[in-house]
Amino acid sequence: MRDLQPRLYGVRPASACLAGAYFPVQSSVLNEAALAERVLPAYGLDPPVVCRFLERGDSDIYRVEAGRGRVYFKVYRPPHSPERVEAEARFAAALISAGLPCVRPVSRSDGRYATVIEAPEGPRPAVVYEEAPPPLPADLNDTWMEQIGRLIGQLHNVADTLAPDDHPYTPEHDARFGSLVAAVEPYLNANQLAVYRSTCEAAACWQRGLSKKNPAYGPCHADLVLPNIRATPDGQPVLFDLGNAAMHWRALELAVVYWNMEYRCKGRRESFWRALLEGYRASGRETGQIEDRLPMMLVLRQLAFMAGCFATCPIRMGVGVIEGKSTQDAMARLERLAKHAGLVD
């Protein structure tokens, strides 16, 4: 792995915060003018460079007007590591080099992709991407879903040919269940936590029996909700936002699409799912194992989704977004999925 030591761009390091030099923060907003002046020149963008804070999500996004083009600066927050961000960008670049439609990362002048900024809350890795195409059309149909299935199959085909240096990071699959419980524990009542914990234990036991051999397991996008698939003007799907890319089970890759379709494609989900699998098979991939594992993969997705929201949303948006009905709805969905997977009576 290339050198990814933090670059200090005139921002007081977190150690100063710990020493009491100033009050600690949990989620800072980096100054857009300072980013344009001190950080973005490393990417060799054509002047003039104008950086504007756009939105907060899992990362902070800045829109950057540079010369005659537009790019986006994506700033992660702890504990997202610079090594993982570098791997994300290199994975995307490798997919593009192999001919896969994917939003392109912009490299630094030194050939790396990730920049590390010492913010008050700790090191924040960041990366620049070219502008993405528009979202998928609102009137999705079976043809679109078949195209998306083909794209996912092509993604897995190409990913299986990549050198290990171009793979995304490998999570500690077995160890992560403890971190999931820790993330939700402050926000669930005793009964909810007991259900979540027992579901985690059952899911972990099931997951330990899965093979980590190709083609069932390999490099994945790992967050293919429909907003993370974009559309070109001529109607071709494009991969977007590989921030969660990881070595994972391919059944989970497709299960995430199905999970997301529950709300995006009401009344059409089963038809869309069949079209998606048809497209995936057309790219030369097998789907029997994926269909067999779908119920448990949906449980895994819901567990991870809840933990991700509970771990990050209160920091950047406040606890109001996950209190009350939101938590009740998430738990109801988890219990429904667990029952369908045969984990509870």
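Numbers at a glance
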item	result
Residues D174, D60, sorted so that the one with the fewest Cβ neighbours within 10 Å comes first	D174, D60
Amide H contacts under 5 Å for L54, placed H, 5+ residues apart	I61, Y62, R63
Other-chain or far-sequence residues with amide H under 5 Å of D223's (modelled H)	none
With at most 13 neighbouring Cβ atoms within 10 Å, loop GluC sites (Glu not before Pro) (DSSP) excluded, longest segment of the chain	1-130
The chain: DSSP helices with Cα axial extent of at least 30 Å and average Kyte-Doolittle hydropathy no lower than -0.5	288-317
Pairwise centroid distance, computed over Cα atoms, of the stretch 136-202 with the stretch 205-226, Å	8 Å
Anisotropy class of the stretch 206-276 from Cα gyration tensor, a/c 1.5 cut	oblate
Sorted by Cβ density within 10 Å, fewest first, the residues D46, D223, D234	D234, D46, D223
Cα-derived Rg over Rh, computed across the stretch 67-167 with Rh taken as Kirkwood radius	1.03
For K213, K74, order by how many other beta-carbon atoms lie within 10 Å, fewest first	K213, K74
Other-chain or far-sequence residues with amide H under 5 Å of C102's (modelled H)	L239
Charge sum, other residues only, whose C-beta stays under 13 Å from M261's C-beta, Lys/Arg counted +1 and Asp/Glu -1	+3
Three-way shape call for the chain based on the alpha-carbon gyration tensor, with the a/c threshold at 1.5	oblate
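FYI, it's all coordinate maths here, none of it is from the lab. What you are looking at is a predicted structure, and each value in this text was computed from that prediction instead of being measured. Note: ideal-geometry Cβ built from the backbone for every residue, glycine included; neighbour counts use all protein chains shown.
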